[in-house]
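Peer 1: Shown below is the structure under consideration.
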Amino acid sequence: MPSVSVDNLLVLPRVKAPDATKRWRKVYKVSTAPHGVEGAGFEVWRGFFGSTMQRTDPFIFLDQMGPVVYEPKEAKGAPWHPHRGFETVTYLTDGQMVHRDSQGGGGVISEGDTQWMTAGSGILHDELPSEKIIEKGGLSHGVQLWVNLPRSKKWSPPRYQAIEKSDLALLTNEDGSCLIRLIAGELDGHRGAGSTHTPITYAHVTMYPDSQLRLEWNPAYNALAYILEGEGWAGHERAPFRSHQLVDFGDGDAILLQSKKEQSSSTKAVEILLLGGQPIREPVVHYGPFVMNTKEEIVEAIEDYQRGRMGTVPAQWIN
């Protein structure tokens, strides 16, 4: 999992530890993601399967794609399909993918890059392995997160953001034992590059063996930690976690994570996605690639897609 790494963490800006006035969040639940297949046949772990939309709000969906090693000609992707009413965020740690959409947006997503697509009022897109990966095969690993949009912004014009690995805010914790890659939102005054309609914080953290991560966390946000790889404990109650599990924290304004001294993960460390956001608290009707507020809006989305109102595939990309 190369993503973005730093030889000397001690040169990075440090995120201060919570002070004595902060209230530590207790672990509400630890759930395990089941394994499945998506798109044209690529392997995924369903990160939010053991939780509820009330707990993950404003996040709708989290898929860990891989890690999987493809043989030549074996790599799979997600061919052209529509979306409306939310944002898709694809973060890649290994491999290479190509994103294309009906607005002309997109490009190559490489290790450490993020593509942030606001579907808004409606768009068509596809995500496929690059020609290099198709021809030569190799390790592929990434995550797709769906971020809901409030009713007032579901009809926003579609938008595409390319966040390259060089754009990430690189931070470390109080003692320099963890690498924090801040993709979007804010931690201790530091801001990520992603521009969001819905207030959130999104980061990829590498916790080296026998380390401790203590962070202040916006009390208005929920707090979720999805374990890509590795083992450790969450909260002062030391709730155990391992690869492909979601840690759901309760209320408070500080979180605690600890890594085990011995790690069997590919990086010999713990790889974690930290997620938090301002809950929208509106009705959610989710049907396939559409996330709206009412059944009538879902029917409208299906009809608009069928009648070509969400755009068409550009001629040069028809395959």
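The values are calculated or read from the model by the stated rules, or taken from the named source; none is laboratory data. Predicted model only: the values in this text are computed from it and were never measured. Cβ coordinates were reconstructed from backbone atoms using ideal geometry, including for glycine residues, and neighbour counts include every protein chain displayed.
Peer 1: Taking only the range 288-306 into account, find how many residues are within 17 Å of residue 80 (Cα to Cα), not charged (D, E, K, R) and not in a loop (DSSP other than H, G, I, E, B).
Peer 2: The total comes to 5.
Peer 1: Sticking with this one: Out of (1) aliphatic (A, V, I, L, M); (2) modelled with pLDDT under 95; (3) under 20 Å from residue 62 (Cβ atoms), the odd one out for residue 162 is which?
Peer 2: Failed condition: (3).
Peer 1: Considering only the range 30-60, state which residues are closer than 23 Å to residue 257 by Cβ, in a strand (DSSP E or B) and in contact (Cβ under 8 Å) with a residue 24 or more places away in the chain.
Peer 2: Listed by number, the residues that qualify are 30, 31, 32, 45, 59.
Peer 1: Determine which single condition residue 128 fails, assuming it passes every other condition in (1) modelled with pLDDT of 90 or more; (2) crowded, with 21+ Cβ neighbours inside 10 Å.
Peer 2: Only one criterion is unmet by residue 128, namely (1).
Peer 1: While we're on this one: What are the pairs with Cβ atoms under 8 angstrom where one residue, in the range 168-183, is over 12 Å from residue 4 (Cβ atoms) and at pLDDT 95 or above and the other, located anywhere, is of a type in the set (Ser, Thr, Tyr) and part of a strand (DSSP E or B)? Sequence gap at least six, or different chains.
Peer 2: 178/172; 178/206
Peer 1: Pick out the one residue from 37, 30 that is β-branched (Val, Ile, Thr) and farther than 22 Å from residue 219 by Cβ.
Peer 2: After applying the criteria, what remains is 37.
Peer 1: Of the residues 254, 225, which single one is crowded, with 23+ Cβ neighbours inside 10 Å, in contact (Cβ under 8 Å) with a residue 24 or more places away in the chain and within 19 Å of residue 18 (Cα to Cα)?
Peer 2: The conditions single out 225.
Peer 1: Here is a further query. Would you confirm whether or not the range 122-134 contains a residue that is assigned to a loop (DSSP other than H, G, I, E, B), touching a residue at least 12 places away in the same chain (Cβ under 8 Å) and more than 15 Å from residue 76 (Cα to Cα)?
Peer 2: Yes, some residue in the range 122-134 is assigned to a loop (DSSP other than H, G, I, E, B), touching a residue at least 12 places away in the same chain (Cβ under 8 Å) and more than 15 Å from residue 76 (Cα to Cα).
Peer 1: Give the number of residues within the range 259-277 that are crowded, with 20+ Cβ neighbours inside 10 Å and over 19 Å from residue 94 (Cβ atoms).
Peer 2: So the count comes out to 5.
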